[in-house]
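Step one of this worksheet: look at the structure below.
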Amino acid sequence: MPNSSSISEFLLLPLADMRQLQLLHFWLLLGIYLAALLGNGLISTAVACDRRLHTPMYFFLLNLALLDLGCISTTLPKAMANALWDTRAISYAGCAAQLFFFLFFISAEYSLLTIMSYDRYVAICKPLHYGTLMDSRASATMTAAAWGTGVLNSLLHTASTFSLPLCQGNVVNQFFCEIPQILKLSCSASYLREVVFIIFTISLGFGCFVFIVVSYVQIFMAVLRMPSEQGRHKAFSTCLPHLAVVSLFLSTAFFAYLKPPSVSLPSIDLVLALLYSVVPPALNPLIYSMRNTEVKDAVRKVMTKCVSLAVSCPSFQIHAL
């Protein structure tokens with residue numbers, strides 16, 4: 001049987017067997033990828049350029065958009081290339097790098113979503129202390145902690161996973177390198193250490209989930225006590241998009257990793273992986289811009305400037321000639 005030292009590449013799960021379907025999937029993924037790049041890029045630019053959005057909440061939103069860009073850029077380009085060129089191979093080092101960066105962006109995003117729930121809790125439940133508890137230094141420190149958590153978590157799991165002897169071939173039943181699928185290639189009983197790490201990570205993730213739930217229970221109780229209907233509307237407009245993003249992220253990721261083995265089929269695993277790795281980064285910009293008028297206004301200004309520059313550049317060139 002082959003071991004990890006003799007494996008130079010892995011074979012990923014193809015999105016389809018028929019060539020026509022592979023090309024169709026390529027164009028669909030390309031459209032989703034471009035939409036995610038455009039949406040997250042617009043939000044990042046809008047928050048960075050609009051001074052009204054230079055607050056902790058929108059600073060966290062900027063980092064969330066950057067993490068979404070990194071997350072979807074880790075998996076989709078390779079899947080699109082494989083679909084376009086009708087290949088399945090990814091190098092051993094490429095698989096390890098893909099796993100590392102995907103875990104890094106996912107872990108950092110979950111940590112950031114937890115911090116964002118705390119930010120909303122302080123803003124609504126303790127507004128008089130918001131300027132002290134969530135100043136620029138505290139926001140930067142929390143964000144750095146989220147990114148650092150992603151690095152540590154991804155280093156731990158990547159090193160542990162790829163230190164295992166792989167004795168069950170090199171076929172990964174997923175369109176990108178994922179821990180559960182790589183563990184299936186390891187020798188019997190040699191993966192227990194990584195399973196312990198996964199259980200520990202899930203326990204921490206569940207603790208963050210409880211923190212988010214408790215925060216939003218208190219937030220909604222405080223919002224419902226507000227005498228002003230306009231105040232309630234503004235509070236809901238900033239909290240509901242975040243809650244929708246958290247729900248989408250957690251429901252798809254938890255079901256993908258905690259589903260019973262009886263429903264572990266390649267087609268089901270593929271759909272679940274698309275749901276938690278592709279759908280949230282693509283939909284997050286839309287969710288955050290639907291109810292938030294400040295974000296919509298800032299994005300509209302960025303788009304207007306881009307259009308005006310695109311229109312003025314050709315005329316400038318004509319006058320120059």
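The values are calculated or read from the model by the stated rules, or taken from the named source; none is laboratory data. None of the values given here were measured: they were computed from a predicted structure. Using ideal geometry, Cβ is built from the backbone for each residue, glycine included, and neighbour counts are taken over all protein chains shown. When the accessible area is computed, the model is the full protein with side chains, heavy atoms only, and any ligands, DNA or RNA have been set aside. Shrake-Rupley method; radii C 1.70, N 1.55, O 1.52, S 1.80 Å.
Taking each residue as 0.36 nm, the span from Leu204 to Cys125 lengthens on full extension beyond its C-alpha to C-alpha distance by 25.9 nm. The Ser91 and Thr293 beta-carbon pair, evaluated with R₀ = 30 Å, returns a calculated FRET efficiency of approximately 0.05. Report the relative contact order of the chain, percent, no decimals, based on alpha-carbon pairs under 8 angstrom and at least 6 residues apart. Relative contact order, the chain: 26 percent. Pairs from the table (Lys78/Lys184; Lys126/Lys301; Lys126/Lys305) lying more than 27 angstrom apart at Cα are Lys126/Lys301; Lys126/Lys305.
Couplings 3J(HN,Hα) for segment 22-33, derived from phi with the Karplus relation 6.51 cos²θ - 1.76 cosθ + 1.60 (θ = phi - 60°), are 4, 5, 4, 5, 4, 5, 5, 5, 5, x, 5, 5 Hz, where x marks Gly and Pro. Distance between the pseudo-spin-label points of Val196 and Leu133 (7 Å out from Cα toward the beta carbon): 3.7 nm. Applied to segment 62-72, the Karplus parametrisation 6.51 cos²θ - 1.76 cosθ + 1.60 on θ = phi - 60° returns per-residue 3J(HN,Hα) values of 4, 5, 4, 5, 5, 5, 4, 4, x, 5, 6 Hz, with x for Gly and Pro. The phi torsions of segment 173-185, fed into the Karplus equation with coefficients 6.51, -1.76 and 1.60 and a -60° offset, translate into couplings of 7, 7, 7, 8, 6, 10, 4, x, 6, 6, 4, 5, 8 Hz, rounded to whole numbers, with Gly and Pro shown as x.
Computed about the Cα centre, the dipole magnitude for the chain is approximately 720 debye when only Lys and Arg (+1) and Asp and Glu (-1) carry charge, each at its Cβ.
Between Gly231, Gly169, Gly70, the GNM of the chain built on Cα springs shorter than 10 angstrom shows Gly231 fluctuating the most. List residues of segment 10-46, by number, whose backbone nitrogen lies under 20 Å from a label position 7 Å along Cα→C-beta of Ile268. The answer is 13-16.
Amide H contacts of Ala89 (H built 1.01 Å from N, in plane; Pro and chain starts excluded): Leu12 sit under 5 Å, all sequence-distant by 5 or more or on other chains.
Selection among Cys71, Pro127, Ile287 by position relative to the dipole of the chain gives Pro127 as farthest towards the positive end (Cβ unit charges, Cα centre). Scaled against the 2.2 N^0.38 Å expected of a compact globular protein of N residues, the Cα radius of gyration of the chain reads 1.12. In this label model, Arg52 and Leu24 are separated by 4.5 nm, measuring between points 7 Å along each Cα→Cβ vector. Put Leu11, Leu152 in order of accessible area, highest first, and with a 1.4 Å probe you get Leu152, Leu11. Distances between placed amide hydrogens fall under 5 Å for Cys187 paired with Cys167, all partners being 5 or more residues away or on another chain.
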